1. Cβ under 12 Å from ALA111's Cβ, ALA111 left aside: what net charge do those residues give with Lys, Arg +1 and Asp, Glu -1?
2. Please compute the modelled spin-label separation between VAL243 and ASP68, points set 7 Å along Cα→Cβ, answer in nm with one decimal.
3. What is the local net charge at SER223, summed over the other residues whose Cβ is closer than 13 Å to its Cβ (Lys, Arg +1; Asp, Glu -1)?
4. Of the trypsin sites (Lys or Arg not before Pro) in region 185-223, which ones lie in a loop per DSSP and count no more than 12 other C-beta atoms within 10 Å?
5. At 1.4 Å probe size, with the rest of the protein present, what percent of the exposed accessible area of region 1-125 is carbon and sulfur atoms?
6. Say R0 is 41 Å: what FRET efficiency, to the nearest 0.05, do GLN301 and ASP167 get from their beta-carbon distance?
7. For region 99-217, what is the relative contact order in percent, using Cα pairs closer than 8 Å and at least 6 residues apart in sequence?
8. As a test question: what accessible area, to the nearest 10 Å², does ASP244 have when a 1.4 Å probe is rolled over all protein chains in place?
Amino acid sequence: QLDMSVLVMEKRDHIGGNCYDYIDEETGIRVSKYGAHLFHTKYDRVWEYVQEFSDWTTYEHKVLGMIDGKHVPIPVNIDTVNALFNLTIEDSDEMDEWLKEQQIAPANGDAENSEEMALSRVGKELYEMIFKPYTFKQWAKWPKELGPEVTARIPVRNNRDGRYFDDPHQALPTGGYTAIFEKLFNHKNIAVSVETDYFEVKEDLKCDRLYYTGPVDAYFAQSGLAKLEYRSLDFERKVVKDVDFFQPASVVNHPSSDVNFTRIVEYKHLLNQTSNDTILFYERSKDDGDPYYPVPNPENQALFEKYKAMSDKEENVSFVGRLANYKYFNMDQTIKNALELFDEDTKDMKKSDGVTITIDTKVNDSDADADADTDADVGTDKNSETISIDTDVDKTGADADADADADADADA
């Protein structure tokens, strides 16, 4: 809009960040490399913005949990309780009464950790069945070791609404998420460099403003502060031949400690896909690997405040997204954050004459991706000096992860 030049740098070899998806060659099914992404938002501005880059297929996400040998709705609703406890609750009034009998109020009034939060919402039995074991598998910490926001994220319903989200806008990009980034970066003023580590080339960059979306502790690695704690994910791929579907929903959570994975994702359920076979991804949470989730507890929050104090003093640098803000953002929240930052940063700007970014590279015309977890965007105006770096460039563009993201459901 301002005719400024932008350079997007991505450490990975493809665009799209954690939103990156592709067609599995063996099955012909579109899958996400870094976990299922389900777009939902209550923000009209975000919904209107994403319409510019894709057609959308309406999809209301539903999750099931395998508990005591039964597939039951997650989040907890009337049907969940009836199935697990052999009850006959019929309406919201009866469900409210049952929940009230189960709930355990925090000793100090407000929940101070995720155990107290869950007990105050669903009581001990559901906490022990679902919340406690799943939280430990996801975070390698018991709920009482985590802030209350972790279990507060999971809805609890007093009706039969089986949807995981209740936002007014829920859909999937008809052509997949990667295509959104291809269109987003398809502009004469945008250059993309994949397989590029910002920290290895930053001394060669000259720009007006940097938008950093990687881990904030990596940016200040020389500060001497301890590293922040993150959780990562591992994905085990499995193809099941000659079958319509393996499970009754796209996502089935497995809270039980009897199995070592947190959930199974079956992408064939999404976007009305057809194939003679189906493909599954078993997800396991782990400490090492690419950072996905900031670990919310008082120790990490106190450490982050020290990093934030330093980031606030950085001139002409904006820290954007989940990892840079050490905060759990959904996709729509990340987009909203970026749009509002654009408003703030450009309110006094005038359209420039643009500038050419000169990059000494070999050019790759393929779709490569740019994970927002490790990328940086460089904006220059007509007064800026030429940028020159030695790297590979994808002319179609690489990504700045809109969700950072994986928008994993039920991450408690």
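The values are calculated or read from the model by the stated rules, or taken from the named source; none is laboratory data. Owing to the predicted nature of the structure, the values given are computational and were not obtained by experimental measurement. Neighbour counts run over all protein chains shown; Cβ positions are idealised from the backbone, glycine included. What goes into the accessible areas is simple: the full protein's heavy atoms, side chains included, and nothing from ligands, DNA or RNA. Shrake-Rupley method; radii C 1.70, N 1.55, O 1.52, S 1.80 Å.
1. Here the charged neighbours net out to -3.
2. Reported label-point gap for ASP68 and VAL243 is 2.6 nm.
3. +2
4. LYS188, LYS206
5. Heavy-atom surface of region 1-125 belonging to carbon and sulfur, 1.4 Å probe: 43 percent.
6. 0.95
7. With pairs under 8 Å counted, the relative contact order is 19 percent.
8. About 110 Å², ignoring ligands and nucleic acids.
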